[in-house]
Every structure is written in structure tokens, then in C-alpha cells.
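A short worksheet on the structure shown next.
Just so it is clear, none of the values below were taken in a lab; they were calculated from the coordinates. In this text, all values refer to a predicted model and were calculated from it rather than measured experimentally.
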Amino acid sequence: MTSHDAIRRWIAVLGLVIKGFLWLVVIGFELFVVAVGWGWLKRNTGT
């Protein structure tokens, strides 16, 4: 195994980690928007 293989493996692992974090951010943002919208609708309908 050469050092290039190790570097390539690290880049692949980092890419997967970053992609996972991006998905978490996207899902968290969507849940936040849904929660805000839900609260705003409940407040505006008066129930």
C-alpha cells in the first residue's frame, strides 16, 4: 500500500463524513422549518 492509497482512502472517508453532516444539516433545517410553520399556523388559527 502506497501513501497515495492512504491519502485517497482518507479523502473518501472525509467525503462520506462531510456528506453525512450535510444531510444532517438539511434534515435538521427542514424539521426546523416545519416546526416553525406548524407553530405559526397553530398561533394564527387561535386553537
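Couple of notes before you dig in:
- Two-decimal log10 I(q)/I(0) for the chain, as the Debye equation yields it once each C-alpha is a single scatterer, q = 0.20, 0.23, 0.27 Å⁻¹: -0.72, -0.79, -0.88
- Relative to the longest principal axis of the Cα atoms of the chain, helix 3-45 runs at roughly 0 degrees.
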